[in-house]
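Taking it in order: structure first as structure tokens, then the write-up.
The values are calculated or read from the model by the stated rules, or taken from the named source; none is laboratory data. Small disclaimer: the values here were computed from a predicted structure and weren't measured. Cβ placement follows ideal geometry from the backbone for every residue including glycine, while neighbour counts extend to all protein chains displayed.
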């Protein structure tokens, strides 16, 4: 193994994963926020209205599909397509509504996950326990609070962008703004459903990708990790559950490769392209599979971030 790859492996294994963070303490602030939102989600059940429910569904799509799936994941992390900056910033703002942190820290965590998938150093792998991979990893350790050295290595593209720096610093403001608007229009039911219940469902859906799709599902590709394709997770994440497909071809903006693999996030990217708002869209299909890459640990060489113009 080269000196550079050895350095990367040491960086990952020494900083993340359950064993590496056992002495970092409990994140009481994060735990308090999670408790508050889960209590709010339970309270929402006693204030049900159909209007509040449909508002929550719309905001779930806005934050989970346009935001997490299309922006944080396929656009910012893997650069599977390109958009005008105003579209990129709007989609990123939508992602902050998911309450999964700002773009810089989210992207850094995910790039680290791909580089050390299901080996020592993976921030959220079920090899450290089912609970850890689902939610435990955000309650202890520093996987969502990277230092400047880690950020410089994994997200230099975003740390140089002043708008993404601002969105990262103030990512929490979006839910406050939306919450005030919802309360002003629909009162407590709209607030509880549109912010608390919607956020909790979205969080567990995303966490299910980290946990469930690395434990249960089918495997189309013989990847060097535990990733699987899971239909139910794909439904609740707008297409992110085709995780084995994604780990085999990380840069592809399309995760559902077969006709029956519903991928609403891909349909959104396809629509943006038709509207002239997305370009250089890189996609992999079953009848056009690229050659199997050599096992490497460098971000660009491993194909975790698009370096070419794209194939469409």
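Annotation note: of 93, 131, 106, the sole residue that is under 19 Å from residue 27 (Cβ atoms), buried (at least 19 other Cβ atoms within 10 Å of the Cβ) and at pLDDT 95 or above is 106.
So that you can scan it fast, the table gives a plain yes or no per residue for (1) surrounded by fewer than 19 Cβ atoms within 10 Å (Cβ to Cβ); (2) out of contact with any strand residue (DSSP E or B) (no Cβ under 8 Å at 6 or more places or on another chain); (3) closer than 17 Å to residue 56 by Cβ:
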site	(1), (2), (3)
166	yes, yes, no
193	no, yes, yes
218	yes, no, no
225	no, yes, no
249	no, yes, no
256	no, no, no
262	yes, yes, no
269	no, yes, no
278	no, no, no
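Considered as a group, the residues in region 70-121 that are within 28 Å of residue 196 (Cα to Cα) and part of a loop (DSSP other than H, G, I, E, B) include one that is nearest to the chain's Cα centre (by Cα), and that residue is 100.
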